[in-house]
Amino acid sequence: MPEETIAPFHGFGLGLRIPHFQNYLTESVPVDFVEIISENFMVAGGRPLHVLDEVRERWPVAMHGVSMSIGSADGVRSDYLERLKALADRVRPLWVSDHLSWSRVGEVNSHDLLPLPFTEEALDTVCANIEHVQNVLERPLVLENPSTYLTFADDQMTEWAFLAEMTKRTGCYLLLDVNNIYVSGTNNGFDPYDYLAGVPAERVRQIHLAGHSQGRGRLIDTHDEPVPDPVWDLFARIYPGLGPVAAMIERDDNIPPLQDLLDELDIARRIAGDVTAAAA
Amino acid sequence: MRLLDLQRDFLDFLVDAPSDIAVGGDDGIGLAVYHNAYSAQLVECLKDSYERLWAWLGDEAFETAARRHIAGHPPHSWTLADYGVDFSATVADLYPDDPEVAEIAALDWALRRAFDGPDAPAFDPQQLGAVDWDEAVIAFVPTLTLLSVKTNCALIWNAIAAEEEVPAAEMLPEPGWVRVWRVGLQPHFASIETTEMGAIQLASSGMSFARLCDRLSEEIGIEIAVDAASRYLASWVQDQMIAEIR
């Protein structure tokens with residue numbers, strides 16, 4: 001693995017979404033970086049790659065995937081990794097991220113971010129898969145904490161202990177989704193502030209900020225609402241303890257005009273500025 | 001429970017088997033969230049890929065068809081974009097007396113595939129004069145697909161897309177074909193006659209254009225063939241269907 005580390009990047013960004021393609025092609029959008037959903041651009045050609053090439057000329061790009069299935073007990077699919085590597089070679093991204101979850105074993109792929117049991121066996125599996133992916137991609141991997149809606153009876157450690165050990169063993173980095181911490185904490189009965197205290201802050205390279213919805217008996221990570229106050233509060237708590245990070249609003253559904261997201265991103269900038277000044 | 005066994009059981013549960021997964025708390029709500037999300041996401045995926053079919057069938061009928069498809073077709077590909085490749089067969093089974101349904105589905109899918117299919121610059125018409133037509137072989141753009149049709153599905157699709165009055169489904173006087181391809185970044189389609197479909201297939205097989213004209217002459221007579229071949233060539237060049245003439 002030629003690249004052993006990921007240089008920190010400080011800035012505020014947004015996800016590149018289809019309704020905003022034209023804005024990015026024709027306007028001076030005030031973001032420091034853009035995040036793409038990798039799979040949307042792991043295609044042969046056409047408009048998606050055309051837009052991506054144009055965007056890449058103007059902004060640093062972070063690649064964020066949803067299909068790696070890093071927790072699969074039978075490993076990560078080689079056909080997926082080959083395509084991901086090809087896209088990373090084309091984009092030369094800030095980094096390549098995916099989720100601490102699994103989607104498939106064998107031939108069936110749920111295309112959902114399914115929860116892992118926090119066991120020693122799962123930790124061994126995830127770490128072995130990360131080592132393999134990092135070797136293929138020739139770069140460290142960044143992994144995001146997902147929203148979860150259950151825990152397993154066999155769990156042997158907390159999610160944050162799992163993340164800490166995972167980064168220690170593999171040298172991977174973290175994308176901390178603050179909304180997911182809040183959603184999982186509410187659903188599974190842990191204190192989000194314990195989570196923040198247990199995460200290895202020096203490994204965090206990116207922050208996701210998003211909204212959620214109230215489902216029957218669970219908060220659902222829908223990414224279809226503005227960032228709510230409890231998530232902003234968590235962001236304000238963790239931000240001063242981090243090194244330089246790339247923070248962004250993640251909106252995947254009920255997507256508003258770009259200006260609305262830029263206004264929301266300004267809230268992140270303001271909070272980050274305020275809490276950094278207060279900590280100085 | 002071993003991780004591999006847990007993951008197999010979890011996927012079986014999502015696809016629709018009873019669960020004996022040992023979850024914390026055991027209120028069943030968490031598992032239900034994942035179960036609902038699995039099928040809901042696949043329904044949304046099919047709606048996205050089959051937008052005009054969705055409009056033609058309406059919400060309720062489309063959702064019924066989608067859920068029938070999902071029950072028998074768990075996803076296998078690494079990419080969700082591949083899901084629904086065989087949805088037209090499912091709706092063909094569901095609507096045996098309405099052949100336009102499966103044809104609209106096939107057209108939706110072909111256009112979706114053309115949207116992000118391989119790039120290829122179109123042949124420059126100014127180079128036509130330099131072509132040695134005794135030896136020339138035509139290579140079409142890689143997004144070109146041919147669909148066999150019996151109904152006015154193309155008219156229906158266009159009317160839905162343009163938000164115009166949608167015609168009733170009708171059988172064509174004779175079975176025909178639709179060619180689908182991409183011009184620049186924009187997918188296109190056009191209805192064509194069976195003779196043109198045959199010419200495209202011959203050209204795609206690597207046959208020279210001169211030999212293709214001979215074959216057309218044998219089939220439909222030299223006078224008609226000469227006229228047809230020149231019309232086809234002109235439209236293929238104008239429609240930017242040709243990537244290369246070598």
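The values are calculated or read from the model by the stated rules, or taken from the named source; none is laboratory data. Worth saying up front: this structure is predicted, and the values here are computed from it rather than measured. So basically every Cβ, Gly included, is an ideal-geometry build from the backbone, and we count neighbours across all protein chains shown.
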Do we have any residue at all in region B:144-162 that's more than 16 Å from the chain's Cα centre (by Cα), outside any strand (DSSP E or B) and within 14 Å of chain A (Cβ to nearest Cβ)? no
From the list B:12, B:48, B:27, which one is in a loop (DSSP other than H, G, I, E, B) and among the charged types (D, E, K, R)? B:27
Can you tell me which residue is farthest from residue A:40 (Cα to Cα) among those in region B:63-78 that are surrounded by fewer than 18 Cβ atoms within 10 Å (Cβ to Cβ) and of a type outside the set (Lys, Arg)? B:64
Looking only at region B:24-35, decide whether some residue is facing chain A (nearest Cβ under 9 Å) and either within 33 Å of the chain's Cα centre (by Cα) or in contact (Cβ under 8 Å) with a residue 40 or more places away in the chain (or both). yes
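Name the residues in region B:77-104 that are under 16 Å from residue B:42 (Cα atoms) and assigned to a helix (DSSP H, G or I), would you? Before you say what the answer is, go through the steps one by one.
Initially, region B:77-104 is screened for residues under 16 Å from residue B:42 (Cα atoms), giving B:77-88, B:90-91.
Once the filter is applied, which keeps residues that are under 16 Å from residue B:42 (Cα atoms) and assigned to a helix (DSSP H, G or I), region B:77-104 yields B:80, B:81, B:82, B:87, B:88, B:90, B:91.
How about region B:163-187: which of its residues are under 21 Å from residue B:48 (Cβ atoms) and assigned to a strand (DSSP E or B)? Let's see the steps before the verdict.
Step one: of region B:163-187, the residues under 21 Å from residue B:48 (Cβ atoms) are B:163, B:166, B:180, B:182, B:185-187.
The answer is B:180, B:182, B:186, B:187.
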Test for residue B:55: is it of a type in the set (Gly, Ala, Ser), at pLDDT 95 or above and either touching a helix residue (DSSP H, G or I) at 6+ places or on another chain (Cβ under 8 Å) or assigned to a helix (DSSP H, G or I) (or both): yes
Count of region B:109-143 residues which are touching a residue at least 40 places away in the same chain (Cβ under 8 Å), more than 14 Å from chain A (Cβ to nearest Cβ), in a helix (DSSP H, G or I) and not hydrophobic (A, V, I, L, M, F, W, C): 2
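Please go through region B:188-214 and pick out each residue that is assigned to a helix (DSSP H, G or I), buried (at least 16 other Cβ atoms within 10 Å of the Cβ) and not polar (S, T, N, Q). Lay out the reasoning, then the answer.
Filtering region B:188-214 for residues assigned to a helix (DSSP H, G or I) gives B:194-204, B:209-214.
With the extra rule that they be buried (at least 16 other Cβ atoms within 10 Å of the Cβ), the set shrinks to B:195-200, B:202-203, B:209, B:212-213.
If the condition is that a residue be assigned to a helix (DSSP H, G or I), buried (at least 16 other Cβ atoms within 10 Å of the Cβ) and not polar (S, T, N, Q), then B:196, B:197, B:198, B:199, B:200, B:202, B:203, B:209, B:212, B:213 are the ones that fit.
Say whether the condition of being surrounded by 11 or more Cβ atoms within 10 Å (Cβ to Cβ) and charged (D, E, K, R) is met by at least one residue in region B:152-165. Before you say what the answer is, go through the steps one by one.
Step one: of region B:152-165, the residues surrounded by 11 or more Cβ atoms within 10 Å (Cβ to Cβ) are B:152-161.
Among the residues that remain, those that are also charged (D, E, K, R) are: none.
No: zero hits.
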Name every residue in region A:126-172 that is under 14 Å from residue A:102 (Cβ atoms) and among the acidic types (Asp, Glu), in order of residue number. A:144
So how many residues does region A:51-106 have that are more than 14 Å from the chain's Cα centre (by Cα), of a type in the set (Asp, Glu) and away from chain B (no Cβ under 12 Å)? 2
Hey, residue B:130 at pLDDT below 95 and more than 19 Å from the chain's Cα centre (by Cα) or not: yes
Kindly provide the set of residues from region B:7-23 that are more than 11 Å from every other protein chain (Cβ to nearest Cβ) and crowded, with 21+ Cβ neighbours inside 10 Å, ordered by number. none
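This table checks each residue for (1) among the polar types (S, T, N, Q); (2) within 7 Å of chain A (Cβ to nearest Cβ); (3) over 21 Å from residue A:103 (Cα atoms).
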| residue | (1), (2), (3) |
| --- | --- |
| B:39 | yes, no, no |
| B:47 | no, no, yes |
| B:54 | no, no, yes |
| B:61 | no, no, yes |
| B:85 | no, no, no |
| B:95 | no, no, yes |
